[in-house]
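Please treat every number below as a calculation from the coordinates, not as lab data. Nothing here was measured: the structure is a model prediction, and the numbers come from that model. Cβ coordinates were reconstructed from backbone atoms using ideal geometry, including for glycine residues, and neighbour counts include every protein chain displayed.
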Amino acid sequence: MDQLLDRPEFQSAVIPFVVALLLYSGLRKLTATAWVWAIFAAFLVSAGLINGFILTPLTGTRKIILLILGALILAGLAPYLIRQLKLQSAVAPVLTILALIWVFGKVVARLDLTGIALFLIGGVGLVIWLLWAFDRIAGSDAQLHGAGFSLMLGIGLSATAAASALLGQIALSLAAASGGAFLAWVLQGKAVNSGKASASIATLPYVLSAALIGIAAVIFARLPWYALIPLAAIPLATSLIPVKFESRFLNALLSSLPGLVIALGVAFWVWQTSSSSSSGY
Amino acid sequence: MKKTILLASIAALSVNTLQAANYTVDPGHTYVSFAINHLGFSTMRGKFDKQSGSLSYDPAAKSASVTIEIDAASIDTGHDKRDEHLRSPDFINAVEHPTITFKSTKAGWSGDKLSSVTGNLTIMGVSKPVTLKVDSINCGEHPFNKKQVCGFDATGSIKRSDYGVNYGLPAIGEVLDLQIELEAFKD
């Protein structure tokens with residue numbers, strides 16, 4: 001059993017997928033944010049297996065894990081705790097940008113002015129873009145989770161191919177958790193309606209995770225920055241296909257397809273360009 | 001009388017300076033290398049290409065100290081792709097923690113020869129005490145440039161998980177053998 005738990009495919013694919021699938025099924029009649037709590041629990045288990053709940057040294061990667069867990073808690077509680085939708089909407093961009101500063105501030109401070117400007121333009125631009133693009137699909141469970149699943153899968157596979165298995169595993173465990181909750185939604189339907197969530201607070205976990213892991217893969221590892229452009233287009237591409245069919249399965253399939261094509265295409269391209277010419281190492 | 005005191009003071013100062021000789025590391029003749037078990041099959045070796053530091057050595061007073069700063073991004077195992085991976089957050093996270101340092105805190109002596117150096121090795125922001133065994137140390141005049149030079153060979157080992165470098169455990173070895181060959185010119 002221990003040997004299974006040490007294997008990356010179990011840590012960041014099988015286990016988070018199953019945990020999220022089961023938890024969404026169990027929670028969907030209790031809370032409107034069942035998918036958030038399902039992903040939170042799945043990611044918590046996965047992060048524990050990958051990182052071992054160790055916080056020292058508090059590296060950028062560990063900060064990212066903490067921030068993703070925090071974003072999930074906030075998205076789960078906000079509909080009940082923050083009644084004003086305007087306030088909820090303001091929280092997401094502010095928190096994401098503060099998170100970027102906390103994770104990358106020390107590294108960026110060592111850059112020259114051009115580097116700092118590029119980070120600010122690229123980082124803040126990515127956050128604003130993702131918030132806007134996810135905002136368009138936040139009203140549709142199928143599109144939101146189809147895009148979220150595909151985006152995290154694309155970032156995870158690309159990060160893994162670009163020389164950081166750790167960042168890749170974090171993103172892939174979120175993709176698996178999202179996929180598990182998504183499948184439970186397909187099989188059982190929507191969670192109960194309770195509380196009110198703004199679009200941006202509902203999409204915060206995906207936006208924050210994608211921005212932090214994507215930028216970390218560029219700065220800390222060797223993911224080409226321009227790989228983030230097609231990946232960031234996933235929520236927009238998802239929004240272009242209307243999904244108003246009776247069948248949840250059809251809606252889920254159509255919502256996931258554009259993102260999956262982009263995610264797998266980018267990951268394949270990154271793998272091709274960064275793979276070694278010699279035989280493994 | 002005053003002149004005599006002044007001369008005596010200058011002479012005493014010179015002797016003190018000679019005894020507490022300070023040296024600056026010669027990067028061209030300093031090597032920080034490591035060896036680690038690779039998947040149980042063989043030993044993988046690597047080195048760092050950029051380092052700097054200083055040495056203070058006074059065998060008469062049995063006093064010695066050494067500081068070495070290593071550029072983490074200069075890790076070199078002779079395989080570009082692997083080196084990129086070693087620089088990533090999976091291993092030493094060279095972007096976030098660009099410097100690996102060793103600062104000695106205690107010197108061990110065997111007669112009038114330095115035999116060990118204990119100090120704090122900092123990797124990824126984590127400092128742990130490490131003792132390096134000094135296999136040889138020699139000081140003298142460099143035969144070509146006539147400068148005073150000291151050089152030593154030292155070895156030690158660390159557990160990489162102590163520094164949060166856990167990737168690939170236990171398949172990729174836990175114990176990292178360190179080897180330092182250092183030369184330093186007198187300031």
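Tabulated results
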quantity: Per-q log10 I(q)/I(0), the range A:2-273, q = 0.07 Å⁻¹ (Debye; single scatterer per alpha-carbon; no solvent); calculated: -0.22
quantity: Approximate spin-label separation A:Leu30-A:Gln272, in nm, with each point projected 7 Å along Cα-to-Cβ; calculated: 4.7
quantity: Residue-wise HN-Hα coupling along the range A:243-249, computed from phi with Karplus coefficients 6.51, -1.76, 1.60 (Hz; x: Gly, Pro); calculated: 10, 10, 8, 5, 7, 5, 4
quantity: The protein assembly as shown: proportion of alpha-carbon pairs further apart than 39 angstrom, %; calculated: 35
quantity: Surrounding net charge for A:Leu250, when Lys and Arg each add one and Asp and Glu each subtract one, Cβ distance under 15 Å; calculated: 0
quantity: Computed [θ] at 222 nm, helices only, for chain A once each DSSP H run of length n ≥ 4 contributes -39500 (n - 2.57); calculated: -25000 deg cm²/dmol
quantity: Long-range amide H partners of B:Gly53 with built H, under 5 Å; calculated: B:Val25, B:Glu69
quantity: Dipole in debye (nearest 20) - the range B:77-187, about Cα centre, beta carbon charges: Lys, Arg +1; Asp, Glu -1; calculated: 260
quantity: Whole-Hz ³J(HN,Hα) from phi, Karplus 6.51 cos²θ - 1.76 cosθ + 1.60, for the range A:149-155, glycine and proline x; calculated: 4, 5, 4, 5, 5, x, 5
quantity: Ranked packing of B:72-78, B:103-109, A:68-74, most packed first, by mean Cβ within 10 Å; calculated: A:68-74, B:72-78, B:103-109
quantity: Percent RCO, i.e. relative contact order, over chain B, from Cα pairs under 8 Å lying at least 6 residues apart; calculated: 23
quantity: Estimated FRET transfer efficiency (A:Val261, B:Asp177; beta-carbon r; R0 51 Å; 0.05); calculated: 0.60
quantity: Estimated dipole of the protein assembly as shown in Debye, rounded to 20 [Cβ of Lys and Arg +1, of Asp and Glu -1, Cα centre]; calculated: 1180
quantity: Distance histogram in 10 Å bins (all Cα pairs of chain B, percent per bin); calculated: 9, 33, 29, 17, 7, 3, 1, 0
quantity: Other-chain or far-sequence residues with amide H under 5 Å of B:Ala94's (modelled H); calculated: B:Ser88
quantity: For B:Gly151, net neighbour charge (Lys/Arg +1, Asp/Glu -1) across residues whose Cβ lies under 9 Å away; calculated: -4
quantity: Computed label-point distance, nm, for sites A:Val124 and A:Leu253 using a 7 Å Cα→Cβ extension; calculated: 4.4
quantity: Charge dipole magnitude, Cβ of K and R +1, D and E -1 - chain B, Cα centre, debye nearest 20; calculated: 680
quantity: DSSP-loop trypsin sites (Lys or Arg not before Pro) across the range A:199-281, with at most 14 other Cβ within 10 angstrom; calculated: A:Lys244
quantity: Nonlocal amide H pairs with B:Val165, under 5 Å, H built at 1.01 Å; calculated: none
quantity: Integer Hz, Karplus 6.51/-1.76/1.60 couplings in order for the range A:59-71, x for Gly and Pro; calculated: 6, x, 5, 5, 4, 4, 4, 4, 5, 5, 4, x, 5
quantity: Surface/4 estimate of mean projected area, convex hull on alpha-carbon atoms of the range A:1-136, nm²; calculated: 10.5
quantity: Largest-first principal axis extents, alpha carbons of the range B:42-120, Å; calculated: 48, 30, 17
